[in-house]
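Peer 1: Sharing a structure here in structure tokens format.
The values are calculated or read from the model by the stated rules, or taken from the named source; none is laboratory data. As the structure is a prediction and not an experimental result, all values here were calculated from the model. Positions of Cβ are generated from backbone atoms using ideal geometry, with glycine treated the same way; all protein chains shown enter the neighbour counts. We work out accessible area using only protein heavy atoms, side chains counted, and drop any ligands, DNA or RNA first. Shrake-Rupley method; radii C 1.70, N 1.55, O 1.52, S 1.80 Å.
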Amino acid sequence: MNTTPPTNTPLNATPPNSTPHSDRTSKRSVGSSQRSVRASKRSAAASHAPSADYVKPELPAGHERQSEFGFTVGTRMANGRGRTGVIRTPHGDIATPAFVVVGTKATVKAVLPRDVKELGAQTVLSNAYHLYLQPGHEIVDAAGGLGNFMGWDGPTFTDSGGFQVMSLGSGFKKVIDMGSDGAAVGGGADDAVAPGHERMANVDDDGVWFTSHINGDKHRFTPEISMRVQHGLGADIMFAFDELTTLHNSRRYQIESLERTRRWAERCIIEHFRLTDERAHRPYQALFGVIQGAQYEDLRRQACQDLAAMPFDGFGIGGALEKEHLGTIVGWCAEELPENKPRHLLGISEPDDVLWAIENGADTFDCVSPTRVARNSAFYTDYGRYNLSNRRFREDFRPLQPGCECATCTTYTRAYIHHLYKAKEMLSHTLISIHNLAFTVRLVDRAREAIENGTYEAYKHTVLSNYYGGHGSPDGPAS
């Protein structure tokens, strides 16, 4: 075992596209000779300690109903981190690795639930903050929970509202390559906001004040309120309320925030178990703790150790990070977190991000990107992403991707969907979204099969070489 202490300096940002994909392994996966395994609490310990007036709550060891949720590890990759598995929920099993389709407001934008099921998706994720505002978690609860409300009969996730702490607070809209949002990464600007943004969320040690983006009303979110909202929504898997920081925050603030998130995690568990008892007539809902720590190895490992000691059912790996370091950071977390609990990576879906994350130990992923870019005419193929609004597709009577078996590709042509988009017909959003989701789900499903077959490295090489090969055509180098 390597006993080198974890570093307390952040990983350096790498300029986009500065390193070929074929050369990225050393930067994005964890080298056992360079990283400590199961590192003990070291450099963060002193600054991570509770304040003098903090009274640590007594956490229960667990809850008897947690046995209604489970995770079984299947095939392991040779590196000891990547794996297949099965998550067991009251509404069905999830074979992992798996892509979780995002339906923020209890709907996958422009796509019917039956179409989401038919394209191969196993599970969907909605956002607690948005559903709290509209229509209200009480209405979803009265409908029998999120799945019943939206007409989805499979497993469901809900995010806690932690992302809105960042997006409504600082105004940054993404967690990967945050530098492109308009400010210099790592500048230590703890009060920085994105250009043109007015702060609509304010954090204190007890919780967060949000200003509604709908009507300007003020709303209070605390760990306890987030748990009540998510229990009302009734998802199979929930996330503890956390503070998502930005890469612009100083190390001092990252440490303060990490301690705040740890305390909130304790409060979430206590309220979660209380509500589990109170709502014994409902299926058990699993609670995942969320790992923060930005790009600091010592903070990430500290957060993992802290939350692993709590009775969570699984873990979310959250926080802002640079794309080049995604695999490394996931690997740190995988080395620290319990093997018998699932790990969800929040907010990623690009092929390179997904494959590096799988290799380094992530089990599930979610992202709005496949449907968001579809509404701007972008479609995925094995040979990259292309904009269907381009004139060259006007008389192209081939499917979006030849050989794709999704409902869009087996019925419609590029020329037809190009026409729909130019005519501002909403059907274009639906058809491209179906294809993009099918592409992403299939990407992860094939990665799972490759792990089981022992062919993952070859699969990853083929996918990345084709997708990022700069072919200039959705039909590949021969076109």
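Peer 1: How many nm is it between the label spots at H461 and A423, if each spot is 7 Å from the Cα in line with the beta carbon?
Peer 2: The answer from the label model is 4.7 nm.
Peer 1: Could you put E336, E68 in order of accessible surface area, largest first, with the 1.4 Å probe and the full protein assembly present? Show your work: numbers first, answer last.
Peer 2: On the way: E336 15, E68 75 Å².
Order by accessible area, largest first: E68, E336.
Peer 1: By how many nm would the segment from K105 to S212 grow when fully extended, if each residue of separation counts as 0.36 nm and the alpha-carbon distance is taken off?
Peer 2: Net length gain for the segment: 37.0 nm.
Peer 1: Quick one: how many Å² of C409 are accessible to a 1.4 Å probe, rounded to 10?
Peer 2: 20 Å²
Peer 1: For segment 227-285, what does the alpha-carbon gyration tensor say about shape, rounded, prolate or oblate, given a ≥ b ≥ c as the root eigenvalues, a/c under 1.5 as rounded, and a/b over b/c as prolate? Can you show the working numbers first?
Peer 2: Details: a/c = 4.81, a/b = 2.57, b/c = 1.87.
It is prolate, given that a/c is not under 1.5 and a/b is the larger ratio.
Peer 1: May I ask you to compute the full-extension gain from A280 to V55, defined as 0.36 nm times their residue separation minus their alpha-carbon distance, rounded to one decimal in nm? It would help to have the intermediate numbers written out before the result.
Peer 2: Details: separation 225, 0.36 × 225 = 81.00 nm, distance 2.96 nm.
Difference between extended and current length: 78.0 nm.
Peer 1: Arrange the peptides 76-83, 364-371 so that the one whose residues have, on average, the most other Cβ atoms within 10 Å appears first.
Peer 2: Working: 76-83: 17.5, 364-371: 23.4.
Final packing ranking: 364-371, 76-83.
Peer 1: Between F397 and K117, how high is the FRET efficiency from 1/(1 + (r/R0)^6) when r is the Cβ-Cβ distance and R₀ = 35 Å? Nearest 0.05.
Peer 2: The pair F397/K117 has a calculated efficiency of 0.75.
Peer 1: Further question on the same structure: Tell me, what HN-Hα J-couplings in whole Hz come from the Karplus equation 6.51 cos²θ - 1.76 cosθ + 1.60 at θ = phi - 60° for each residue of segment 100-116, using x for Gly and Pro?
Peer 2: 9, 6, 8, x, 3, 9, 6, 7, 7, 3, 6, 10, 6, x, 5, 6, 4
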